[in-house]
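*Asks:* Got a structure here, written out as structure tokens. Questions coming.
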Amino acid sequence: MSKEMASVSRKTNNAAEIDRLALAFAKEPGSKVFIPLAEEYGKAGMWDEAAGVLEDGLKTYPGFITAMVALGRAYEQMNQPVKAKAILEEAIKLSPDNLRAHRTLAKLYAAQGTKDAAIRSCNVILDLNPHDQEALSLRTGLEASGEQGGEDDRIRIEERRTSTKIHEDGHGEHMGSTVASAALAQASGRDTRSLSGAPPHSTAIQESRTVVRRSVVIQLEQWLSSIRARRRDSQSSSELTSKTSS
């Protein structure tokens with residue numbers, strides 16, 4: 001059987017199962033048959049229908065964890081992250097170790113940039129299943145991006161500190177400011193070029209950026225020393241002239 005024929009067969013079976021479950025649910029609206037019906041709707045990509053069935057079912061069975069988690073998944077697929085997060089957070093209050101809820105929440109948190117919360121959900125999954133590749137991959141990526149951000153912050157602080165020292169030197173203020181700006185612009189250009197050609201590996205990118213930024217700091221420190229040396233020479237010359245004239 002070809003892939004196309006297999007796909008058609010699955011769709012036909014799925015449609016038949018939806019019809020069967022929908023009929024059963026219509027006969028017994030208060031039954032829990034809405035759960036498998038919602039699952040079949042999800043398999044068919046009919047997420048609006050799945051959400052509607054689950055919402056109705058939860059009116060009859062409030063606090064039904066399975067339905068709450070399935071509804072959160074449906075909302076996520078419908079690109080309604082606020083509603084998805086709300087129902088799933090309510091679900092893990094009732095069932096803190098629910099893996100399906102945490103799996104969807106981890107993705108939602110990561111997409112919204114809430115890294116700590118995403119990592120916490122990954123940790124819950126990995127505590128129960130240490131070999132879960134999806135959670136491992138997501139947590140590793142989140143931790144790596146957090147470390148990179150922290151390193152960038154430290155580099156920027158060091159650059160500002162060095163630049164401030166140059167500005168505070170009275171005799172070299174103008175020159176220090178001009179040179180520092182030029183150096184930072186030059187380094188920024190090198191940084192961009194190096195990143196554009198770097199391999200797509202976080203470690204290689206981090207090392208490249210760190211080397212470039214450190215070279216900027218070294219240059220700024222050298223200019224600072226030069227400015228201070230000229231200041232001392234100027235002060236010595238002024239003192240010598242003063243003694244000679246007196």
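The values are calculated or read from the model by the stated rules, or taken from the named source; none is laboratory data. Just so it is clear, the structure is predicted and the values come from calculations on it, not from any experiment. Note: ideal-geometry Cβ built from the backbone for every residue, glycine included; neighbour counts use all protein chains shown.
*Asks:* Name the single residue that is farthest from the chain's Cα centre (by Cα) among those in segment 32-80 being within 22 Å of Leu94 (Cβ to Cβ) and in a loop (DSSP other than H, G, I, E, B).
*Replies:* Lys32
*Asks:* Considering each of Ala118, Ala70 in turn, give the residue that is surrounded by 15 or more Cβ atoms within 10 Å (Cβ to Cβ), among the hydrophobic types (A, V, I, L, M, F, W, C) and within 27 Å of Arg10 (Cβ to Cβ).
*Replies:* Going through Ala118, Ala70 in turn, the sole match is Ala70.
*Asks:* Just one of the numbered conditions (1) free of Cβ contacts under 8 Å to residues at least 24 places away in the same chain; (2) of a type outside the set (Lys, Arg); (3) under 24 Å from Met78 (Cα atoms); (4) surrounded by 12 or more Cβ atoms within 10 Å (Cβ to Cβ) is not true of Asp19; which one?
*Replies:* Only one criterion is unmet by Asp19, namely (4).
*Asks:* Next question. Pairs needed: first member in segment 51-68, in the same structural domain as Gln80 (by TED's automatic domain parsing); second member anywhere, surrounded by fewer than 16 Cβ atoms within 10 Å (Cβ to Cβ) and assigned to a helix (DSSP H, G or I); C-beta distance under 7 Å; at least 6 residues apart or different chains.
*Replies:* As it stands, the answer is Gly63/Leu94; Ile65/Leu94; Met68/Glu90, since those pairs meet every condition given.
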